[in-house]
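Report on the following structure.
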Amino acid sequence: MGEVETVIKNEAPLEKSVNLRKLIGKKVISKGGQIIGKISKIMVNQKNSQLEGVFIKRQFLSKPIYIGRSYFSNLSYEAVILNIELTILLKGKKVVDSNGKIIGKVVEVLRKDSTNDLKGVVVKSLFSRRFIVPRSGIKSIGNSIILKSRHNAQKKYFWNRVK
Amino acid sequence: MHKRNISGIELSNAISSEDILGKDVIDLNGTFIGVVERVMIDPKKLIFMGISVDKGFLKRGLTIGRNYIDRISTHAVFLKIKVTYEIKGKIVFDKDGTNLGTVSSIDLHGVRNEIKFIHVRISRFHSLFKRELVIPSEYIESIGENVILNVKKEQLTKIKEE
């Protein structure tokens with residue numbers, strides 16, 4: 001960049017600022033290193049002009065995601081690294097009960113409003129009805145979801161009556 | 001027919017090797033590691049030592065000590081660890097999110113499930129001459145679907161020069 005006349009008061013020096021235009025198209029990576037997608041839009045607060053969040057463009061036919069800046073861990077010209085694992089990406093993961101049996105796949109993620117806090121997951125398998133597993137029934141979340149031993153997630157098959 | 005019993009102890013809750021063989025092995029992260037191929041027993045002390053896991057066609061097997069086994073259930077063997085060998089092939093990003101390359105191999109502390117160094121095969125576009133980076137475990141910030149470091153790419157080169 002050529003020499004620039006700077007006019008600032010309480011703001012951070014120019015060297016410590018990021019050119020938002022250069023962030024477009026950069027990767028968004030979760031805490032665990034999962035590449036979520038690429039930045040398509042950057043949203044700025046109309047009142048205080050601060051960065052509010054980014055839109056993430058994902059694979060073909062996947063819905064875009066908007067992530068607020070409170071979930072950002074590091075922002076650079078290479079990528080935005082988040083301080084979370086996105087709970088909405090749990091959709092499609094296998095759900096394994098405490099005995100090691102696969103009881104279905106996540107078809108819906110239940111969150112507290114629009115935050116990343118997980119309330120539970122809706123699970124379904126080929127012949128079963130959808131059933132909810134609350135957060136308290138989940139032991140660990142990783143490549144698949146493992147349930148706690150005391151959680152008894154009974155499959156409800158379509159031939160079972162709805163009570 | 002009721003079997004005769006001269007065990008001297010209550011064996012009704014015991015499981016046999018046949019109950020373990022062929023079961024899925026699932027790590028702490030919920031990753032399916034493979035299936036139990038063999039059960040290892042100490043020939044002198046006659047105690048259960050661990051299991052040998054078949055990871056699939058053309059993949060090297062893995063032996064897991066009993067200290068790393070959480071429990072054996074009706075359908076699977078659950079581990080209380082994330083198997084560090086599963087890091088192989090994952091992408092390594094620096095603190096800024098720069099793609100450094102992929103994990104080609106790892107060095108462990110003896111036979112424990114603790115990483116000492118990871119060897120990263122550098123992406124072709126990033127370096128023409130250097131082929132591999134050796135990164136100590138203290139520079140690893142998190143391991144999940146991929147690996148994130150707590151240092152920048154430039155700092156890694158400086159550390160290597162020092």
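Placing A:Arg130, B:Arg71, B:Arg131 in order of accessible area, with the largest value first and a 1.4 Å probe, yields B:Arg131, A:Arg130, B:Arg71. Summing charges over neighbours of A:Asn48, with a neighbour being any other residue whose Cβ is under 15 Å away from its Cβ, gives +1 when K and R count +1 and D and E count -1.
By a 1.4 Å probe calculation restricted to protein chains, B:Met40 has an accessible surface near 60 Å², given to the nearest 10. Projecting the Cα atoms of A:Leu86, A:Asn10, A:Gly25 onto the charge dipole of chain A (Cβ charges, centred on the Cα centre) puts A:Leu86 farthest toward the positive pole.
Loop-resident chymotrypsin sites (Phe, Trp or Tyr not before Pro) (DSSP state other than H, G, I, E or B) in region B:1-105 with no more than 11 further Cβ atoms inside 10 Å of their Cβ: B:Phe57. If a/c stays under 1.5 just call it rounded; otherwise compare a/b with b/c (prolate if a/b is bigger, oblate if not). Do that for the protein assembly as shown, with a ≥ b ≥ c from the square roots of the Cα gyration tensor eigenvalues. Because a/c hits 1.5 or more and a/b fails to exceed b/c, the protein assembly as shown counts as oblate.
The 1.4 Å probe gives accessible areas that order B:Glu141, A:Glu85, B:Glu18, largest first, as B:Glu18, B:Glu141, A:Glu85.
Within the accessible surface of the protein assembly as shown, defined with a 1.4 Å probe on protein heavy atoms only, the carbon and sulfur portion equals 51 percent. Excluding ligands, DNA and RNA and using a 1.4 Å probe, chains B and A jointly bury around 2000 Å² of accessible surface, summed across both partners.
Only helices enter the 222 nm calculation for chain B: every DSSP H run of n ≥ 4 contributes -39,500 (n - 2.57), and dividing by all residues gives -2000 deg cm²/dmol, rounded to 500. Using the 1.4 Å probe convention, the accessible area of the protein assembly as shown works out to 67 Å² per residue with neighbouring protein chains retained. The ratio of the alpha-carbon radius of gyration of region A:99-152 to the globular-protein estimate 2.2 N^0.38 Å is 1.11.
Its residue count N sets the reference 2.2 N^0.38 Å, and the alpha-carbon radius of gyration of chain B equals 1.36 times that reference. Close amide H pairs (under 5 Å, H built 1.01 Å from N) link A:Val96 with A:Ile103, A:Ile145, A:Ile146, A:Leu147, residues at least 5 positions away or on another chain.
For region B:90-107, putting each phi into the Karplus relation 6.51 cos²θ - 1.76 cosθ + 1.60 with θ = phi - 60° gives couplings of 7, 7, 10, 10, 7, 4, 8, x, 6, 6, 8, x, 10, 5, 9, 7, 9, 10 Hz, in residue order, rounded to whole numbers and with x for Gly and Pro. Charge dipole of region B:30-154 (Cα centre as origin; +1 on each Lys and Arg Cβ, -1 on each Asp and Glu Cβ, all else neutral): 320 debye, rounded to the nearest 20.
Please report, in debye to the nearest 20, how large the charge dipole of chain A is about its Cα centre when each Lys and Arg carries +1 at its beta carbon and each Asp and Glu carries -1 there.
On the way: 33 positive and 11 negative charges, 288 e Å.
For chain A, the charge dipole is close to 1380 debye.
Distant-in-sequence amide contacts of A:Ser73, defined by a placed amide H-H separation under 5 Å and a gap of 5 or more residues or a different chain, comprise A:Ile81, A:Leu82, A:Asn83.
Using a probe of 1.4 Å on the protein chains alone, the accessible area found for B:Thr74 is around 90 Å².
Residues of region B:65-88 that become at least 40 Å² less accessible with every protein chain present than in their own chain isolated, using 1.4 Å: which are they? Buried by the other chains: B:Arg71, B:His75, B:Phe78.
Over region A:13-163, the Kirkwood radius and the radius of gyration, each from Cα atoms, give a ratio Rg/Rh of 1.08. Per-residue ellipticity at 222 nm from helix content only, as computed over chain A with -39500 (n - 2.57) for each DSSP H run of at least four residues, stands at -500 deg cm²/dmol. Taking all protein chains together and a 1.4 Å probe, the residues B:Asp94, A:Asp113, B:Asp24 rank A:Asp113, B:Asp24, B:Asp94 from largest to smallest accessible area. Rounded to the nearest 20 debye, the dipole magnitude of region A:66-146 is 440 debye, with +1 charges on Lys and Arg beta carbons, -1 on Asp and Glu beta carbons, and the Cα centre as origin.
Accessible surface for B:Lys82 stands near 100 Å², nearest 10, in the context of the full protein assembly shown (1.4 Å probe). Where is the GNM fluctuation largest for chain A (alpha-carbon springs, 10 angstrom cutoff): A:Arg21, A:Arg69, A:Arg135? Looking only at A:Arg21, A:Arg69, A:Arg135, the largest GNM fluctuation is found for A:Arg21.
The values are calculated or read from the model by the stated rules, or taken from the named source; none is laboratory data. Just so we're clear, the structure is a prediction, and the values are computed from it rather than from any experiment. We place every Cβ from the backbone using ideal geometry, glycine too, and count neighbours over all the protein chains shown. Heads up: the accessible areas ignore ligands, DNA and RNA and are worked out on the full protein's heavy atoms, side chains in. Shrake-Rupley method; radii C 1.70, N 1.55, O 1.52, S 1.80 Å.
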